[in-house]
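S.K.: Would you mind keeping the following structure in view while I ask a few things?
The values are calculated or read from the model by the stated rules, or taken from the named source; none is laboratory data. From a predicted model like this one, the values you see are computed outputs, not experimental measurements. As a convention, Cβ positions derive from the backbone with ideal geometry for all residues, glycine included, and neighbour counts pool all protein chains shown.
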Amino acid sequence: MKLGWKVLVPAALVWLLLIAAVRALRNAEGISTGQLLMIGGVVIVVIVLLTLLIPEKQPPEDEGLVTTTGGGHPVPPLDLKVPESTPRQKALEARRRSEGTKQTELSSSGSGSSERSKEGEPDGNL
């Protein structure tokens with residue numbers, strides 16, 4: 001679709017104008033075929049020279065964007081410091097510590113029954 005609207009339709013319009021101009025010049029008195037070919041050659045040379053003078057499009061440089069690898073994934077910086085534990089792990093450890101202190105308080109307030117768990121030994125409740 002892009003080829004038709006951007007290339008073929010303008011090329012067809014230029015072709016129609018060119019044919020109409022050649023026929024109009026042939027019908028005019030005093031212009032020979034050799035003169036017509038010379039004028040056409042000069043016009044073509046001028047168009048080619050003008051297209052060579054037009055600079056090529058330069059892609060915009062992305063200075064502020066994150067550099068990517070060939071797959072398009074962002075690359076972390078080389079000096080990235082990875083934390084030892086995540087916030088979730090810290091919250092779970094704090095929860096376990098608070099539950100552990102509650103259990104020891106409950107067991108120490110009890111009457112010395114054999115159900116009391118020894119320190120450092122897992123009791124199966126998490």
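S.K.: Could you grab me the full set of residues in the stretch 1-45 that are surrounded by 10 or more Cβ atoms within 10 Å (Cβ to Cβ), over 46 Å from the mean Cα position of the chain (by Cα) and charged (D, E, K, R)?
M.R.: Arg23, Arg26
Yes/no per residue for (1) within 47 Å of the chain's Cα centre (by Cα); (2) modelled with pLDDT of 85 or more:
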residue: Leu49; (1), (2): yes, yes
residue: Val66; (1), (2): yes, no
residue: Ser85; (1), (2): yes, yes
residue: Gly112; (1), (2): no, no
